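Worksheet: the structure to be examined is printed underneath.
Please treat every number below as a calculation from the coordinates, not as lab data. Note that the structure is predicted; figures quoted are calculated from it, not measured. No Cβ is skipped: glycine too gets one built from the backbone with ideal geometry, and neighbour counts run over all protein chains shown.
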Amino acid sequence: MERRPPTLEEVAIAAGVSRSTASRVINGAVRVAPATQRAVEYAIERLGYVPNQAARSLVTRRTHSIALIIPEDDGRILSDPFLGQAVSGVNNTAADAGIQLVLLIGNHAEDRIQRIGQYLRGGHVDGTIVVSHHRDDGLEEVLASTRIPSYFVGRPIQPQPGLRYVDVNNVRGAEIATQHLVDRGARRIATITGPLDMAAGVDRLEGWRKTVQAAGLPDDLVAHGDFTVGGGSRAMAELLDRDGSIDAVFAASDQLAAGALQVLATRGIKVPDQISVVGFDNLGFAQNTIPQLTTVQNPVKEMATLATEHLLKRIEDPDAEYDSDRIAIIEPTFVPGKSA
């Protein structure tokens, strides 16, 4: 006959404490004597007691889960290394803390975003992390309506009071990349931008523009991309057709740079002899391009980990004021390669 699972009452009897004291230990109460806590934990281990999570949630009002919201199309989540690194950083940090991760894919459809809002307002998770936020996805308003702690990985393009985020210094990263091209003697430096409905796209364009203007160089060699290889190919072809004197390109992501390199190779243009190329991210593409891509490090996993740590701290103590965790900016670093 199958043995029934032990009850909370049996744990309390085995530990020599009241049922309420055993419950307080299981639910993580802080005002429990160390000896009492050890006795309850020993009884739990000896009896093989497994807490009823549903009942526990009613007491603690905690679900012990967080949501990772990615407002992108399904296919991009499987192909974009930025998103892969972000998912890994959030999931590993949550798992180490015993927290379950729920993945919510929103793309840009209004009905999907609204369904995510309904899910969050239903009390299914204790907090949220947002990755790859766009201007018009409406997530700021949705998250404000849920009243649960939230962090963005990457600066919201239109930050609202109270929003918290972790980001890389994208302006500075673009300045580093573009200055490297200036220092190599380039005088017709083009850029392929990321999406301009995302803060990363706007900030990297700003960093390129500030650097070429400071060097007294033209700032009209701009083509727009979408952080994909295909977007980089289309933009590079557009730039070459527009101006044959380009001698360098800063691409706002390594995927864009990879697409640019493909077009340059097809047209018989030697890199870096005729045109130098620098990317941004260093998330895998840079090691596999020909020639190996010169780029700037985007510490995505570190950002995702830090945002999740801050979120879990705020969930644990929602009334505390943490001035230091509202905004965190990580500095980028230059990664040498052979394309510039």
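What is the Cα centroid distance between the stretch 166-198 and the stretch 249-285, reported in whole angstrom?
Their Cα centres are 13 Å away from one another.
Evaluate E = 1/(1 + (r/R0)^6) for Ala214 and Ala35, where r is the Cβ-Cβ distance and R0 equals 51 Å; express this FRET efficiency to the nearest 0.05.
0.15
So who's got an amide H within less than 5 Å of the one on Val249, skipping anything under 5 residues away but keeping other chains? H placed 1.01 Å off N, in plane.
Placed amide hydrogens put Ala190, Ser276, Val277, Val278 under 5 Å from Val249.
Name the long-range amide H neighbours of Ile330: under 5 Å, sequence gap of 5 or more, or other chain; modelled H, no Pro or chain starts.
Hits under the 5 Å cutoff: Asp167, Val168, Asn169.
How long is the stretch 102-171 along each principal axis, judged by its Cα atoms, biggest number first, in Å?
Principal extents (largest minus smallest coordinate, Cα): 37, 24, 22 Å.
Can you pull the three principal axis extents for the Cα set of the chain, in Å, largest first?
Principal-axis extents of the chain (Cα, largest first): 83, 41, 35 Å.
Report the label-to-label distance for Arg46 and Asp243 in nanometres (one decimal), using points 7 Å from each Cα along the Cα→Cβ vector.
For the pair Arg46/Asp243, the computed spacing is 7.9 nm.
Highest first, please rank the peptides 201-210, 178-187 by the mean number of other Cβ atoms sitting within 10 Å of their residues.
Descending mean neighbour count gives 201-210, 178-187.
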